[in-house]
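Following: one structure in structure tokens, then a few remarks.
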Number of protein chains: 2
Amino acid sequence: MSSSAIPYRPHNHSACVHQALSDARSVCQRQNARLTPIRERVLELIWQSHKPLGAYDVLAVLAEDGHNAAPPTVYRALDFLQQYGLVHRIASLNAFTGCTHAGEHHTCLFLICRACRTVLELTAPAVSDAVAKASQAEAFTPEETIIEIAGLCPNCSSEPTHE
Amino acid sequence: MSSSAIPYRPHNHSACVHQALSDARSVCQRQNARLTPIRERVLELIWQSHKPLGAYDVLAVLAEDGHNAAPPTVYRALDFLQQYGLVHRIASLNAFTGCTHAGEHHTCLFLICRACRTVLELTAPAVSDAVAKASQAEAFTPEETIIEIAGLCPNCSSEPTHE
DNA sequence: AATGAGATGTTATATTGTTACATCTTTAAA
DNA sequence: TTTAAAGATGTAACAATATAACATCTCATT
Ligand SMILES: [Zn+2]
Ligand SMILES: [Zn+2]
Ligand SMILES: [Zn+2]
Ligand SMILES: [Zn+2]
């Protein structure tokens with residue numbers, strides 16, 4: 001049995017953030033994209049934890065920053081970050097999470113804890129292959145695949161659900 | 001090679017609707033749930049085609065019906081229908097589609113055409129199994145799985161994308 | 001310095017979904 | 001058959017999420 005994935009155990013999270021920002025800088029540099037201060041700040045906020053953040057949550061923090069931002073500011077930054085594979089949108093939560101495979105081409109899968117809201121992003125070739133086969137069997141040409149699994153993370157499933 | 005799935009080819013769609021309503025009646029009867037006129041009408045509207053319908057689209061048709069409905073009316077009916085497995089919500093579209101496996105326990109997968117918006121619902125055991133294994137490998141307890149694949153259906157991929 | 005593309009500011013609005021509470025309907029018990 | 005409880009619907013207001021449209025600014029290149 002492998003040990004828990006990073007988001008599920010105590011870790012030096014500022015290292016996660018630092019790594020993410022550093023990766024983002026190189027991804028953008030390589031592609032000649034401008035990681036402006038706002039975009040970088042939004043990315044940093046999205047990475048503030050392994051729990052996805054809503055656009056309006058980001059907006060609220062920017063306001064605390066003293067930045068007089070309106071929704072388009074945030075949505076534009078998020079669009080940019082998505083476009084360069086730096087964040088993912090979780091459709092079932094209307095929220096955004098930092099991509100843990102920035103720069104790599106990948107079809108990913110999200111394990112979303114309904115109790116603590118922690119999200120783990122995985123790449124699961126077996127899943128991707130099965131999806132590709134299922135599509136092919138229907139002569140369907142897949143372009144974007146969303147796989148979101150809600151449930152209980154190891155930490156939360158070991159505790160009794162408070163009810 | 002099997003022939004195209006129903007939603008992808010011309011077919012007697014009123015038979016789809018009739019079947020869906022009939023299935024719904026028996027599902028509800030079996031579970032002692034009340035398929036009231038509003039609920040049945042909403043289900044019928046959702047089934048008006050194999051393209052998902054937004055809650056406010058449903059609302060608009062109810063208004064045309066002369067029914068003076070407000071959003072909660074529609075959302076309640078949709079909640080009911082989801083609860084009894086008669087419709088699914090497509091998270092990536094904020095829209096609803098009739099379940100083609102009403103009454104059966106199933107984890108399904110949606111093939112969503114970005115051109116004609118037709119949705120095909122599939123059960124793909126290979127995908128479900130792969131998802132279950134991936135979850136298990138992380139000691140995650142899955143409860144709800146969403147798999148939505150956007151792309152081009154056979155009809156639309158054979159035509160040139162107008163651009 | 002002039003230009004143009006990209007980025008941001010700003011205001012307003014669209015879209016999707018919920019809360020809260022009143023009223024009506026159905027069911028089933030008294 | 002009244003009555004009470006549960007379930008379903010009506011209604012108004014509102015919350016949450018996202019976009020449109022247009023003005024302005026910044027920065028790299030001429
Ligand atoms: Zn971390
Ligand atoms: Zn958890
Ligand atoms: Zn049909
Ligand atoms: Zn199509």
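What ³J(HN,Hα) values, in whole Hz, does the Karplus curve 6.51 cos²θ - 1.76 cosθ + 1.60 give for segment B:96-109 when θ = phi - 60°, with x put for Gly and Pro?
10, 9, x, 7, 9, 10, 3, x, 8, 6, 7, 9, 10, 9
Across peptide B:9-21, how many C-beta atoms of other chains are within 10 Å of each residue C-beta, on average?
Neighbouring Cβ atoms belonging to other protein chains average 0 per residue here.
Cα gyration tensor of segment A:13-64, axes a ≥ b ≥ c as square roots of the eigenvalues: rounded (a/c below 1.5), prolate (a/b > b/c) or oblate?
oblate
Go through segment B:49-59 residue by residue and turn each phi into a ³J(HN,Hα) via Karplus (6.51, -1.76, 1.60, θ = phi - 60°); whole Hz please, and just put x for glycine and proline.
In residue order, the calculated couplings are 7, 8, 10, x, 10, x, 4, 6, 5, 4, 4 Hz.
Packing-wise, with mean Cβ within 10 Å as the measure, how do A:68-79, B:71-82, A:120-131 rank, highest first?
A:120-131, B:71-82, A:68-79
Check residue B:87: other-chain or 5+ apart residues with amide H under 5 Å from its amide H, H built from backbone geometry?
Placed amide hydrogens put B:82, B:99 under 5 Å from residue B:87.
How big is the gap, in Å, between the Cα center of segment B:1-74 and the Cα center of segment B:91-163?
19
Using helices alone, I'd like the mean residue ellipticity at 222 nm for chain B: each DSSP H run of four-plus residues gives -39500 (n - 2.57), total over residue count, nearest 500.
For chain B, the value works out to -13000 deg cm²/dmol.
Decide, for chain B, between rounded, prolate and oblate: order the square roots of the alpha carbon gyration tensor eigenvalues as a ≥ b ≥ c, take rounded if a/c falls under 1.5, and otherwise choose prolate if a/b is larger than b/c, else oblate.
oblate
Order of A:17-23, B:135-141 by packing, highest average Cβ count within 10 Å first?
So the order, starting with the most tightly packed, is B:135-141, A:17-23.
I need to check one value: relative contact order of segment A:3-157, counting alpha carbon pairs closer than 8 Å and at least 6 residues apart, in percent.
Relative contact order here is 23 percent.
Please compute, for the alpha-carbon atoms of segment A:81-163, the extent along each of the three principal axes and give them in descending order in Å.
Extents along the principal axes: 46, 30, 20 Å.
Among B:52, B:142, B:16, flag the residue with its Cα farthest along the positive direction of the charge dipole of chain B, charges on Cβ as +1 for Lys/Arg and -1 for Asp/Glu.
The listed residue farthest towards the positive side: B:16.
Quantify how strongly other chains surround peptide B:29-35 by giving the mean number of their Cβ atoms within 10 Å of each of its Cβ atoms. Let's see the in-between values first.
Values: counts 0, 0, 0, 0, 0, 0, 0.
For this peptide, the per-residue mean of nearby foreign Cβ atoms is 0.
Go through segment B:120-134 residue by residue and turn each phi into a ³J(HN,Hα) via Karplus (6.51, -1.76, 1.60, θ = phi - 60°); whole Hz please, and just put x for glycine and proline.
Each residue of segment B:120-134 in turn: 10, 9, 10, 10, 10, x, 4, 5, 4, 5, 4, 5, 4, 5, 4 Hz.
Let me confirm one metric for peptide A:121-134, namely the mean number of other chain beta-carbon atoms within 10 Å of its residues' beta-carbons.
That average works out to 5.
In nm, to one decimal, how far is the residue A:60 label point from the residue B:116 one, both placed 7 Å along Cα→Cβ?
With each label placed 7 Å out from Cα toward Cβ, I get 4.5 nm.
Placing +1 at every Lys and Arg Cβ and -1 at every Asp and Glu Cβ, with all other atoms neutral, what dipole size does the protein assembly as shown have around its Cα centre, in debye to the nearest 20?
Dipole size: approximately 120 debye.
Laboratory data are not the source of any read-out in this text; all were calculated from the coordinates shown. None of the values given here were measured: they were computed from a predicted structure. Cβ atoms come from the backbone with ideal geometry, glycine included; neighbour counts cover every protein chain shown.
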